[in-house]
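The values are calculated or read from the model by the stated rules, or taken from the named source; none is laboratory data. Remember, predicted model here, so these are calculated numbers, not experimental data. FYI the Cβ positions are ideal-geometry reconstructions off the backbone, even for glycines, and counts take in every protein chain you see.
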Amino acid sequence: MDVFLRDGKSIILAYDQGLEHGPSVDFDNRNVDPAFIVDIASKGGFNGLALQKGVAEKYYDGKVPLILKVNGKSSLPKGEPIARQNCSVEYAVSLGAKAVGYTIYLGSGYESEMFAEFGRVQEKAKDRGLAVITWVYPRGAAVTNDTSKEITAYAARTALELGADAAKIKYTGDTQSFAWAVKSGGKTKVFMSGGPKAATDDAFLGQVRGAIDAGATGIAVGRNVWQNQEPLKMAEKLKQVVFENLQVEPLKTSS
């Protein structure tokens, strides 16, 4: 994980939403172009860039350490969520990845299948010297509140128990409860998931401040940067919060 860290902290730019949500949900005429996002990652000083393999094949320029997502799903099927592997660890290495990313839907009726597949991915990645980052999103009929203190801590603990180097999890809404999730993750580094575009920049920065105060390693953010009218200015503000300890009033999420 060291390649993604600066003084023990990190900001990662995520752009796997095209597969997960489809182009009509999150994209406009600027950010539908992957080249626009790759440019933001390097000019914005991000420590990592998360892409699905097709985008990495065609657009990745090697300027920012690559996290290659090796599983995913579309938003079209209904019912219990499952995301299956669509890229090998070996191919991730060939594309220049320094880490692989894998999404687990904790609480889904298919979680055991994702656990088993993640285990195989994790072991192969370790053999090839890659870091392993898991997106742990509690979803399914068994999950009633995916940002509660209990379920968020369970997400972080799942990442630790399954061998992930880092976990991308949702923010609970306040520093105290998110600190329990960070503690539950042990030596697995916890990243706050950026989530949908916040109502205001200050509201989002307040959430990031709360996560950092709770002990999070950093933020894995997409839409709150590349949907912003001035994404590089937003990236600069994020760096000030994460690396320079800029004080912003922590705000609760709207979920």
Checklist entry - In this structure, does PHE178 turn out to be modelled with pLDDT of 95 or more, touching a strand residue (DSSP E or B) at 6+ places or on another chain (Cβ under 7 Å), aromatic (Phe, Trp, Tyr) and under 26 Å from LYS69 (Cβ atoms)? => result no
Over segment 198-220, the set of residues β-branched (Val, Ile, Thr) and in contact with a strand residue (DSSP E or B) (Cβ under 6 Å, 6 or more places away or on another chain) is VAL208, THR217, ILE219
In segment 84-106, anything polar (S, T, N, Q), in a strand (DSSP E or B) and surrounded by fewer than 20 Cβ atoms within 10 Å (Cβ to Cβ) is listed as GLN85
Apart from one, (1) in contact (Cβ under 8 Å) with a residue 40 or more places away in the chain; (2) over 18 Å from GLU90 (Cα atoms) all hold for ASN71; the odd one out is (2)
**Asked** Any residue in segment 138-150 that is closer than 21 Å to GLY45 by Cβ, at pLDDT 95 or above and under 17 Å from the mean Cα position of the chain (by Cα)?
**Response** no
Residues of segment 177-223 being of a type in the set (Ser, Thr, Tyr) and closer than 26 Å to VAL32 by Cβ, in sequence order, are SER193, THR200
Of the residues in segment 57-83, those that are in a loop (DSSP other than H, G, I, E, B) and closer than 23 Å to ASP39 by Cβ number 6
Matching residues in segment 176-204 (aliphatic (A, V, I, L, M), crowded, with 24+ Cβ neighbours inside 10 Å and within 26 Å of VAL25 (Cβ to Cβ)) number 1
Being within 30 Å of GLY96 (Cα to Cα) and small (Gly, Ala, Ser) narrows ALA159, ALA199, ALA203, ALA181 down to just ALA159
Condition set of a type in the set (Gly, Ala, Ser) and closer than 16 Å to ASN224 by Cβ, scope segment 32-44, selection surrounded by the most Cβ atoms within 10 Å (Cβ to Cβ): answer is ALA41
